[in-house]
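The values are calculated or read from the model by the stated rules, or taken from the named source; none is laboratory data. Note that the coordinates shown come from a computational prediction; the quantities given were computed from them, not determined experimentally. Reconstructed Cβ throughout: ideal geometry from the backbone, glycine too, with neighbour counts over all protein chains shown. The protein model used for the area step is the full one, side chains on, heavy atoms only, and it has no ligands, DNA or RNA in it. Shrake-Rupley method; radii C 1.70, N 1.55, O 1.52, S 1.80 Å.
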Amino acid sequence: MDHNSIRHKLSEYIDGTISADEKAEIETHLAACEKCSDALRELRKTVEHVRTIEEIEPPAWMTQKIMAKVRAEAEQRKSIFQRLYSAFVVNLPVKAVAVVFLAAIAFYMYRDIRPQKLSEAPMPQAAVKKEAPLSGIAKSEQNRAKDFLLRSNQVPQKPGYKALDMKPEYEKPAPPALQDKAAASAPAAAKPFAAPEPAREAKEGQSNILSQKSRASVGKEGASAPAMDFMAEGDQRSKGMARAAKTKAVLREENGTYAAEITVSVKDLDAAQKEVEKAATASGGKIIRTALPAVKNQIIVSITTDKFSDFLAKLKTIGDVKENAPAPTDREGYLTIRITMTKN
Amino acid sequence: MSYGLGINEVSEADNDATLVLSSQKGDMAAFESLVIRHQKRMLNVAFRLINDYDEACEVVQDAFVSAYKNIRTFRGEAKFTTWLTTITLNLSKNRLKQIRSRQGHVSCSLDDPLWTDDGELTRDPPSKEPSVLDRLEKQDVQGKVQDCIKALEPEYREVIVLRDMQDFSYDDIGGMLNMREGTVKSRLFRARAAVRDCLKKAMGEL
């Protein structure tokens, strides 16, 4: 190494961070070179001077001031955490409970709406079309309607459903003497819809499909409604009216009127329920609803009239069957039947 | 003045580690102990870089607050002293930039020539104040050394402060200044040579 290289290494040499070989080489050179030895001496003296500079002392208040700032920072951080805590730890569960509550309400609403959809499903278009030209038998149907009037009068309807009833405005009003008592006691706002004809009320008590048909016939033929009770309409032009009739049919069902009401006396209610469901399915029927929370041990079944007797026979194998209201099986279409199971 | 290496430093580092651990758990007294232990050293680092006592005190306060804020991020991979010094260094350099920026807003210097009313340039009469060298001669060795360090550019000053005044290793300095060890050695050699030349001028000989 030349003089310049040696002098560049002197800084590291002083700090002792040089390799053994380099150290030996530098020391050999320094022994022979006075200028480089002087440079080393000066550099050592310089480093010594720098290292012996007196330190300055911090002011007496330094620690307190630092800690005051640190504590202020800690408090600020704490308040931030508290805000976050209240936002996520306190508010979040409240919001979660609210969401669960809303979900539960939605579920129960859906469960109430679902049977309506199912009951709408079996509306047979073919049957409707087939029955459409049956206006010739209007008179006998009117008599049958009167029979159902008597039956429906046994099961009073809630005034609340009257208000929801969507009858057409041009429907012929019934004589005041024959108006439903419940309708008479309904609120004033509901009154325009609460004046059904006696025959119509009877027909509504019969079955979903039949009440829909009768509504449809009213929409088409106006004042001749009583004569058209069991006439299938299915007129696509009066879809709105049909929808109203469907709604009414469901409301009637909710109100407790069915095409037939059957009581089955069994020993094991749970087993019987499964067997009834099985029998209904085997007979081509559809289970609209089972085991309402309010009314247990009841099954609502929608079944075609031609399969009704088959279904009835199957029920008899399950338990003692009692028909509270006999089903009108002499028509084509669907019957909505309520089967109540009692323990014998 | 030097913080010696060896057994004392190891035990200090262990104590620091314990105090840091307690501070991380929210022990304010432990952090206060760290402040008491290190505030003087940090003040000296800041002061030698900024050359202003009040500004250095501000920087040290900010450095400890910053350390407290980030104490949970300190994983103990480096020594607490190294970590804290890095914070102090960075804050000192930022403060120095601010100070220089403030000074830079002065549009003219007292040494600049002045335009007279008749459009001629005049210069200030030669100052009767002693020159820098004259002043250095009158000061004691300590003052002269300090002035020589003060006269260094910041990038050289920080290296000589960290190595010769605070006794950090080349490796630590490289980590703190984010530079390779070779660069640290080179800068240190230049810084020492500059101080040596300055002192030779001030004192005549070393």
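List the residues whose amide H sits under 5 Å from the amide H of A:I288, counting only those 5 or more places along or on another chain, with H placed 1.01 Å from N in the peptide plane.
Under 5 Å from the amide H of A:I288 lie the amide H atoms of A:I300, A:V301, A:S302, each far enough along the sequence or on another chain.
Quick one: which residues, 5+ away or cross-chain, put their amide H under 5 Å from the amide H of A:A325? H built at 1.01 Å from N.
Excluding prolines and chain starts, which carry no amide H, the hits are A:E261.
Using only atoms on other chains, find how many Cβ atoms lie within 10 Å of each Cβ of peptide B:44-57 and report the average.
Whole-number average of other-chain Cβ neighbours for B:44-57 is 2.
Got a sec to turn the phi values of region A:280-289 into Karplus ³J(HN,Hα) couplings, 6.51 cos²θ - 1.76 cosθ + 1.60 with θ = phi - 60°, whole Hz, x for Gly and Pro?
So the J values, rounded to whole Hz, are 5, 5, 5, 8, x, x, 10, 7, 7, 7.
Starting from the 7 Å offset along Cα-to-Cβ, what nm value, one decimal, do you get for the label separation of A:T52 and A:E73?
So the two model labels end up 3.8 nm from each other.
What full-extension length gain, to one decimal in nm, is calculated for A:S5 and A:V100 as 0.36 nm per residue of separation minus the Cα-Cα distance?
26.2 nm
Across peptide B:29-39, how many C-beta atoms of other chains are within 10 Å of each residue C-beta, on average? Provide the component values of the computation, followed by the final result.
Details: counts 1, 0, 5, 6, 1, 0, 8, 5, 0, 0, 5.
Mean inter-chain Cβ contacts per residue within 10 Å come to 3.
Take each of the peptides B:178-184, A:100-106, average the number of other beta-carbon atoms within 10 Å over its residues, and list them starting from the highest.
Working: B:178-184: 13.7, A:100-106: 10.0.
Output ranking for B:178-184, A:100-106: B:178-184, A:100-106.
Let me check I've understood the local charge: for B:F47, count other residues with C-beta under 12 angstrom from its C-beta, Lys and Arg +1, Asp and Glu -1. What total comes out?
Once all neighbours under 12 Å are counted, the net charge is -1.
From the Cα gyration tensor of region A:1-76, with a ≥ b ≥ c the square roots of its eigenvalues, which class applies: rounded if a/c is under 1.5, or else prolate if a/b is larger than b/c, or else oblate?
prolate
What FRET efficiency comes out for the pair A:T340/A:R83, r = Cβ-Cβ distance, R0 = 51 Å, nearest 0.05?
Result of the calculation: an efficiency of 0.30.
A 25 angstrom limit on the alpha carbon distance is what I want to check against. Which of A:K9/B:K93; A:K65/B:K150; A:K267/A:K314 exceed it?
Over 25 Å Cα-Cα: A:K9/B:K93; A:K65/B:K150.
In what order, largest first, do B:H38, A:H8, A:H49 sit by accessible area if the probe radius is 1.4 Å?
A:H8, A:H49, B:H38
Show me the GluC sites (Glu not before Pro) within region A:40-71 that DSSP assigns to loop and that have at most 12 other Cβ atoms within 10 Å of their Cβ.
Passing both the DSSP loop test and the Cβ count: A:E54.
With N residues in region B:154-206, what two-decimal value do you get for its Cα radius of gyration over 2.2 N^0.38 Å?
In units of the globular-protein estimate, region B:154-206 measures up at 1.20.
Rounding to the nearest 20 debye, state how big the charge dipole of region B:20-64 is about its Cα centre with +1 on each Lys and Arg Cβ and -1 on each Asp and Glu Cβ.
Values: 5 positive and 7 negative charges, 69 e Å.
Charge dipole, region B:20-64, about its Cα centre: 320 debye, nearest 20.
How far is it, in nm, from the label point at B:K97 to the one at B:T18 when both lie 7 Å from their Cα along the line to the Cβ?
Simple spin-label model gives 4.0 nm for this pair.
For peptide A:57-64, what's the mean number of Cβ atoms from other chains within 10 Å of each residue's Cβ?
5
Have a look at A:A31, A:V70, A:P59 and report the one farthest towards the positive end of the charge dipole of region A:18-80, computed about the Cα centre with Cβ charges (Lys/Arg +1, Asp/Glu -1).
A:V70
Compute the distance in nm between two label points, each set 7 Å from the Cα along the Cα-to-Cβ direction, one at A:T263 and one at B:A78.
9.1 nm
Under the rule of at least 5 residues apart or a separate chain, name every residue whose amide H is placed under 5 Å from the amide H of A:V266.
Amide H to amide H, under 5 Å and 5 or more residues apart or across chains, A:V266 pairs with A:T342, A:K343, A:N344.
Compute, for A:M109, the solvent-accessible surface of its heavy atoms (probe 1.4 Å) with the complete set of protein chains present, and express it in square angstrom to the nearest 10.
Approximately 110 Å² of A:M109 is accessible to the 1.4 Å probe.
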